[in-house]
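The values are calculated or read from the model by the stated rules, or taken from the named source; none is laboratory data. Source: prediction; values computed, not measured. Reconstructed Cβ throughout: ideal geometry from the backbone, glycine too, with neighbour counts over all protein chains shown. SASA here: full protein model, heavy atoms, side chains in, ligands and nucleic acids out. Shrake-Rupley method; radii C 1.70, N 1.55, O 1.52, S 1.80 Å.
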Amino acid sequence: MNNETIFSTENNIHADVYYKYPISISRGQGAKLWDSNGNEYLDFMGGYGVSVVGYNNAYVVEAIKRQSEQLITCHSSLYNDARANFLENILKISPLGLERIYIGNSGAEAVECAIKLARKYTGKQEIISMIGSFHGKTMGALSLTWNPKYRNPFEPLLSDVKFIPFGDTKKAMDAISEKTAAIIVEPVQGETGIHPAPDSYLSDLRQITEKNGSLLIFDEIQSGFGRTGKIWAHEHWGVIPDIMCTAKGIGGGLPLSCTIATNEVMSKFKLGDHTSTFGGNPLSCAAGSAAIRFLLDHELHKKAENIGAYMKDGLQSLNKSHKVTREVRGLGLMLALDLRFDVRQIILSGLKKGIILLYSGRNILRFLPPLVITEDEVDHGLSILDDILTEEDRTRFG
Ligand SMILES: *Cc1c(COP(=O)(O)O)cnc(C)c1O
């Protein structure tokens, strides 16, 4: 299919719910993608944070090849070696004390599971979520997602959801009550432009929930799996939740998610309480095991820490030398550049010059590159961004 056919077919038939970039991708390797005309792109978007181990990662490709010749599908009512293997692997990197794992297929599903688990375990209904949070778009997860633009058209959603300001301990203490099943929080908020939790906030939430008999849920779907320089972002603060949600990168690019809880919490789920036909399928599990092995063999989280610091420095110099920029934020390779203007034009210019950029709201560029990205690639991408920002300065400020 040529580009024009691909564009018009997707535009005419695919549900019109995605902001579309005007390129069609057909191949990837490491941190690079190629479109169907053979043009090369450096991917600073990292497939929305999914491509942690890089595109076409050799470990993952090999695992998928081998598993696809063996067995692709197997319902979790039957035992399976690829699934058992994945469970061992994910357990190896799970936070201390979180030892029971529900396997799903997407981030939103991991959150759905966490909601049901928190309600069943505590016998309470209310969930406290954060202003600025993102937890997915299925009805339950959507109820906890802050942006009213996403929620309003689909009301009524779950009742008993409260939104409190992210980072404000006092507001959390005021909000929690005997009705509260759980507080859910991203250790680093992603969707609203990369905001790491303030210093003692997560440990404050840990104390507040414990004292109140409520659970603490960390959504590490974007911040986890090495992205921020630790395997899990919450390690930066040394606070362990009762339930953790992970997805995006853990399947090496295949649909895979986990809801990880303490034995005690997960034991509240009884036969049939929560299941999924595809959850724990051998192909995704094999890819997930390969992704975890690659992460550990190459200490990808340390790469994220080092290259992330290097990239953050680079962004900070861009911030100093340009008028349209405002602030740099983030941890590891989960970074943001705040601008004074709409970034849409910058994204389109980036595509013409060979970088794929991601927005975060209207004025923010968000960087979630594959953790295998090299310093040379970061230099290359930032020099393109430098050119674009120079051009922006000129058009905005003359
Ligand atoms: C992407 C994301 C989700 C939703 O994941 P899906 O796989 O799109 O359902 C939930 N929480 C966070 C923090 C995310 O970044």
Worksheet item: Out of Ser276, Ser289, Ser284, which single residue is within 16 Å of the ligand (Cβ to nearest atom), of a type in the set (S, T, N, Q) and crowded, with 23+ Cβ neighbours inside 10 Å?
Response: Ser284
Worksheet item: Hey, does region 253-261 have a residue that's more than 16 Å from the ligand (Cβ to nearest atom) and open to solvent by 30 Å² or more (accessible area, probe 1.4 Å)?
Response: no
Practice prompt. Report yes if some residue within region 3-23 is part of a helix (DSSP H, G or I), of a type in the set (S, T, N, Q) and in contact (Cβ under 8 Å) with a residue 60 or more places away in the chain; otherwise report no.
Written response: no
Response to the item:
(1) open to solvent by 50 Å² or more (accessible area, probe 1.4 Å); (2) in contact with a Cys (Cβ under 6 Å, 6 or more places away or on another chain) all hold for Glu99 apart from (2)
Worksheet item: Listed residues Ser143, Ser129; which is in contact with a Phe, Trp or Tyr (Cβ under 7 Å, 6 or more places away or on another chain), farther than 21 Å from Leu271 by Cα, in the same structural domain as Glu88 (by TED's automatic domain parsing) and not in a loop (DSSP other than H, G, I, E, B)?
Response: Ser129
Worksheet item: Restricting region 341-353 to residues that are open to solvent by 10 Å² or more (accessible area, probe 1.4 Å) and touching a residue at least 24 places away in the same chain (Cβ under 8 Å), which is farthest from Lys32 (Cα to Cα)?
Response: Phe341
Worksheet item: Which of the following residues is outside any strand (DSSP E or B) and either within 16 Å of the ligand (Cβ to nearest atom) or within 19 Å of the chain's Cα centre (by Cα) (or both): Val61, Val52?
Response: Val52
Worksheet item: Of Val161, Val185, which residue is buried (at least 21 other Cβ atoms within 10 Å of the Cβ), outside the structural domain of Gly330 (by TED's automatic domain parsing) and touching a strand residue (DSSP E or B) at 6+ places or on another chain (Cβ under 8 Å)?
Response: Val185
Worksheet entry | Out of Gly97, Gly136, sole residue that is at positive phi and within 14 Å of the ligand (Cβ to nearest atom) | Gly136
Item to complete: From Glu235, Glu210, Glu178, Glu191, grab the single residue that is away from the ligand (no atom under 11 Å from the Cβ) and assigned to a loop (DSSP other than H, G, I, E, B).
Response: Glu178
Worksheet item: Would you pick out the residues in region 329-362 that are over 17 Å from Thr390 (Cα atoms) and either in a strand (DSSP E or B) or aliphatic (A, V, I, L, M) (or both)?
Response: Arg329, Gly330, Leu331, Leu333, Met334, Leu335, Ala336, Ile356, Leu358, Tyr359, Ser360
Fill in: Within region 22-49, considering residues that are open to solvent by 40 Å² or more (accessible area, probe 1.4 Å), on the phi < 0 side of the Ramachandran plot and of a type in the set (Ser, Thr, Tyr), the one farthest from the ligand (Cβ to nearest atom)
Ser36
Worksheet item: Has region 95-115 got at least one residue that is in the same structural domain as Leu256 (by TED's automatic domain parsing), out of contact with any helix residue (DSSP H, G or I) (no Cβ under 8 Å at 6 or more places or on another chain) and part of a strand (DSSP E or B)?
Response: yes
Worksheet, complete the sentence: Lys323: passes all of (1) in contact with a Phe, Trp or Tyr (Cβ under 6 Å, 6 or more places away or on another chain); (2) closer than 20 Å to Ser51 by Cα; (3) in the same structural domain as Gly30 (by TED's automatic domain parsing) but (2)
Response to the item:
Exception for Lys92 within (1) over 20 Å from Trp232 (Cα atoms); (2) open to solvent by 60 Å² or more (accessible area, probe 1.4 Å); (3) among the charged types (D, E, K, R); (4) assigned to a helix (DSSP H, G or I) falls at (1)
Worksheet item: Taking the stated definitions as given, is Ile221 of a type in the set (A, V, I, L, M), modelled with pLDDT of 95 or more, in a loop (DSSP other than H, G, I, E, B) and under 21 Å from Ile131 (Cα atoms)?
Response: yes
